[in-house]
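Colleague: Below: one structure in structure tokens.
The values are calculated or read from the model by the stated rules, or taken from the named source; none is laboratory data. Computed from a prediction, not measured in an experiment: that's the story for all the values here. Quick reminder, even Gly has a Cβ in these numbers, built from the backbone with ideal geometry, and neighbours come from all protein chains shown.
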Amino acid sequence: MASDSRVVLTQGVSQYRATVPHLVGPSDSVLEVGCATGKTTKIIAAHAACRELGLRNARFERWNAWDIDTIRSVATRFDRIYVDISGSGSVESVIRLVRSYENAFGPQVVVVKNSRLKAFVSSCHVWGDESAKASMRSGPSSQELFLDSSG
């Protein structure tokens with residue numbers, strides 16, 4: 001299942017949790033990967049379908065985050081996926097895990113808590129984005145990088 005998910009990067013637990021009221025609604029099915037003590041799970045549960053349905057708490061299962069087949073045996077689709085597998089874990093493994101979940105569950109949004117990934121992406125500029133070109137022009141020898149070949 002290919003996905004056009006929007007990925008939201010956060011740094012630290014405060015940013016991670018602050019996304020919940022903005023991104024999780026009563027009709028959303030939410031998977032949290034890496035729930036630790038469950039504090040964020042409680043915040044998600046207050047905004048997601050379990051509150052709307054009158055359930056006292058969210059369903060809690062403990063699995064290996066990489067064992068997607070086991071998770072798919074319980075649900076085949078999630079609207080939102082929250083990922084916190086060590087907020088400073090390797091960028092490569094976090095990207096691989098997020099892509100696996102996107103392909104398996106087709107969420108609309110994936111929220112990732114990882115300071116290294118957020119720092120890397122924050123330092124990137126997407127070529128073709130005029131605002132990125134303009135901000136990079138102010139750097140020391142960047143004029144050579146932006147020669148307009150159209151005339």
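Colleague: Collect the residues in segment 14-36 that are closer than 9 Å to Ala48 by Cα and acidic (Asp, Glu), keeping them in residue-number order.
Modeller: Asp28
Colleague: Cβ contacts < 9 Å: first residue in contact (Cβ under 8 Å) with a residue 24 or more places away in the chain, restricted to segment 17-33; second residue basic (Lys, Arg) and surrounded by fewer than 18 Cβ atoms within 10 Å (Cβ to Cβ), any location; separation 6+ or different chain. Result?
Modeller: Arg17/Lys39; Pro26/Arg51; Ser29/Arg77
Colleague: How many residues does segment 67-89 contain that are among the polar types (S, T, N, Q) and either in contact with a Gly (Cβ under 8 Å, 6 or more places away or on another chain) or in a helix (DSSP H, G or I) (or both)?
Modeller: Initial filter on segment 67-89 (among the polar types (S, T, N, Q)): 70, 73, 76, 86, 88.
Narrowing further to those that are either in contact with a Gly (Cβ under 8 Å, 6 or more places away or on another chain) or in a helix (DSSP H, G or I) (or both): 70, 86.
Matching residues across segment 67-89 total 2.
Colleague: Taking into account only those residues within segment 1-47 that are hydroxyl-bearing (Ser, Thr, Tyr) and under 12 Å from the mean Cα position of the chain (by Cα), which is modelled with the lowest pLDDT?
Modeller: Ser5
Colleague: Now for a separate question. Name the pairs: first residue in segment 96-122 and aromatic (Phe, Trp, Tyr) and surrounded by 16 or more Cβ atoms within 10 Å (Cβ to Cβ), second residue modelled with pLDDT of 95 or more and in a loop (DSSP other than H, G, I, E, B), Cβ to Cβ under 9 Å, at least 6 apart or on different chains?
Modeller: Between residues of segment 96-122 that are aromatic (Phe, Trp, Tyr) and surrounded by 16 or more Cβ atoms within 10 Å (Cβ to Cβ) and residues that are modelled with pLDDT of 95 or more and in a loop (DSSP other than H, G, I, E, B), the close pairs are Tyr101/Pro107.
Colleague: With the structure loaded, tell me whether Glu92 is modelled with pLDDT of 90 or more and either not hydrophobic (A, V, I, L, M, F, W, C) or not in a helix (DSSP H, G or I) (or both) or whether it fails that test.
Modeller: Details: modelled with pLDDT of 90 or more: yes; either not hydrophobic (A, V, I, L, M, F, W, C) or not in a helix (DSSP H, G or I) (or both): yes.
For Glu92, the condition - modelled with pLDDT of 90 or more and either not hydrophobic (A, V, I, L, M, F, W, C) or not in a helix (DSSP H, G or I) (or both) - is met.
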